[in-house]
There are 2 protein chains.
Amino acid sequence: MPTPRHDRRELLRFALKLMDRARRTVLYYLASGYGVRVKSDRSFVTDADTAVEKVLRKAILERFPEHGIIGEEFPARNPSAEYQWIIDPIDGTLSFTRGIPLYGCILALHHRGKPLVGVIDHPGLGTRFHAALGLGCYADGKRVRLKDLPSAAQVENELIAAGDRSQFLRTGDSARFNRLTRSHPQVRIYADCFGHTLAVSGAVGAMVDFGVKIWDISATQLMIEEAGGRFEIVKRQKYPGGMNYGVIFGKPKVVAWLRRILK
Amino acid sequence: MPTPRHDRRELLRFALKLMDRARRTVLYYLASGYGVRVKSDRSFVTDADTAVEKVLRKAILERFPEHGIIGEEFPARNPSAEYQWIIDPIDGTLSFTRGIPLYGCILALHHRGKPLVGVIDHPGLGTRFHAALGLGCYADGKRVRLKDLPSAAQVENELIAAGDRSQFLRTGDSARFNRLTRSHPQVRIYADCFGHTLAVSGAVGAMVDFGVKIWDISATQLMIEEAGGRFEIVKRQKYPGGMNYGVIFGKPKVVAWLRRILK
């Protein structure tokens, strides 16, 4: 049974409250200091990442004990539940540790594999994007509607965002990266969820992101679709413990152009 | 005769007041809208750029009618004066027009060709960096001191910032760009003055920027040097109406490593 509109609104409200707590937790650790560890995949995790995920998990567990939780830093909980909360406590941890304010906290809710609610909060920028299924996409409380280009010929005037080249290298997609930068005059590297929210707001025409996980893309997919854009998964690759995705999202004509380039 | 400490302090105070006005002007245009034109070099200029430069020029002219002014958008004034104010009203105009908050306003003062005062303000981020000769470098009012790496071997753990690849292409330096991204695992593209202030704060180990003009680098040079870092011009190239520079700046050991790579 689909989730009624009233319940979607309630779930969104709950998610936004959680993200207030996520932002406060991040800013607390930023001000008071934190430990950093290197994970087995050579990425970073800090006390702030684990603290944010714990805060969110605890609040979800109290309110919806029957729901599942998938998070970047801890094992999945209730993996067979219909409702699954998906958490990336700090996306862009490396930026966070260096004092680059372009990281973000990501929270999404899936119902039977379909995104229902999505929030990306940028504590370092003081900005937030959110969406709920059928309820629209918002940037700092203002409705976002992506206007498509009048024609495909306009694509060259748009900025294209891409993740770090190292992400493409890691998944064997460096040829795709090179094709992209050779085919378009204005490819800019905006890694992590900062690039995602630039695509959601229409600041860039679209983003290309490879080697990303479910918690990197769930909120984005819903926001883009609620804003009237297109979100496409162009690559799925199994890795031990999950799936790596290659995705393109943004204004429909830009996404269509990129799909052809990256095929 | 060198400028006395008391006068440098006065000039800094004046520059900071000017930048308050620059920020207000930018935010006013951001909120109320503005026209955009494409310049002969295919870069963008907006009503906000010209308004900021006019505001700064008028205030400088009133207070220091004998000083010179060099700005991106209008012809130079008093080019033989000992004191020269150097203005980039909006560095990163393309970002500004797209709603990407990583642009900035830059103001510097030279005395006989040597930087005396430098300010970079990021209206979209609400952050500001400033320095004056012998008076230190500050980020949002907090003293900045760049700690050099204990050894050259640590360079690979630092982030390196670079300007857009298109800037390197424009000045015939794409081989340098490729060498850089092949030689270091963590090169990130942070174009315009956002990359500069990341280097000033030490968030990245150093930045490599090619195809930049005098108004892009004057404030940065002073900030880096006052923070204890190194600033090096590695390329000078005449163009009709001025000079293009290639620069490296940041923590001394990272700059030394980059100098070898980019030679």
(request) From the list A:263, A:235, pick out the single residue that is away from every other protein chain (no Cβ under 14 Å) and either at pLDDT 95 or above or open to solvent by less than 40 Å² (accessible area, probe 1.4 Å) (or both). (result) A:235
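Okay, residues lined up against (1) of a type outside the set (Asp, Glu); (2) away from chain A (no Cβ under 14 Å):
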site	(1), (2)
B:90	yes, yes
B:95	yes, no
B:100	yes, no
B:114	yes, yes
B:118	yes, yes
B:140	no, no
(request) Could you look through segment A:177-187, keep only residues that are under 23 Å from the mean Cα position of the chain (by Cα) and facing chain B (nearest Cβ under 10 Å), and pick out the one that is farthest from residue B:95 (Cα to Cα)? (result) A:181
(request) Considering each residue of segment A:128-150, count those that are farther than 23 Å from residue A:105 by Cα and open to solvent by less than 40 Å² (accessible area, probe 1.4 Å), and give that number. (result) 1
(message) Filter segment B:25-48 down to the residues that are over 20 Å from residue B:14 (Cα atoms) and part of a helix (DSSP H, G or I) and list them by number.
(response) B:27, B:28, B:29, B:30, B:31, B:32, B:47, B:48
(request) Quick one: count up the residues across segment A:32-73 that are open to solvent by 40 Å² or more (accessible area, probe 1.4 Å), out of contact with any helix residue (DSSP H, G or I) (no Cβ under 6 Å at 6 or more places or on another chain) and under 16 Å from residue A:107 (Cα atoms). (result) 5
(request) Specify the residue that is nearest to residue B:259 (Cα to Cα); the eligible residues are those in segment B:158-176 that are touching a residue at least 24 places away in the same chain (Cβ under 8 Å) and more than 10 Å from chain A (Cβ to nearest Cβ). (result) B:176
(request) Check segment B:189-212 and report whether any residue there is away from chain A (no Cβ under 14 Å), among the small types (Gly, Ala, Ser), open to solvent by less than 10 Å² (accessible area, probe 1.4 Å) and over 22 Å from residue A:94 (Cβ atoms). (result) no
(request) Restricting attention to helices (runs of 4 or more DSSP H) lying wholly within segment A:149-263, give those where 3 or more residues are among the acidic types (Asp, Glu) and farther than 17 Å from residue B:99 by Cβ. (result) A:214-226
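Give segment B:238-260 a look and list any residue that's at pLDDT 95 or above, of a type outside the set (D, E, K, R) and open to solvent by less than 40 Å² (accessible area, probe 1.4 Å), or say none.
Residues satisfying the conditions are B:245, B:246, B:247, B:248, B:249, B:250, B:252, B:254, B:255, B:256, B:258.
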(request) Inspect all residues belonging to segment A:15-28 and state whether any of them is among the hydrophobic types (A, V, I, L, M, F, W, C) and over 17 Å from residue A:88 (Cα atoms). (result) no
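The values are calculated or read from the model by the stated rules, or taken from the named source; none is laboratory data. Remember, predicted model here, so these are calculated numbers, not experimental data. Positions of Cβ are generated from backbone atoms using ideal geometry, with glycine treated the same way; all protein chains shown enter the neighbour counts. Side chains are part of the model used for accessible areas, which takes the heavy atoms of the whole protein and leaves out ligands, DNA and RNA. Shrake-Rupley method; radii C 1.70, N 1.55, O 1.52, S 1.80 Å.
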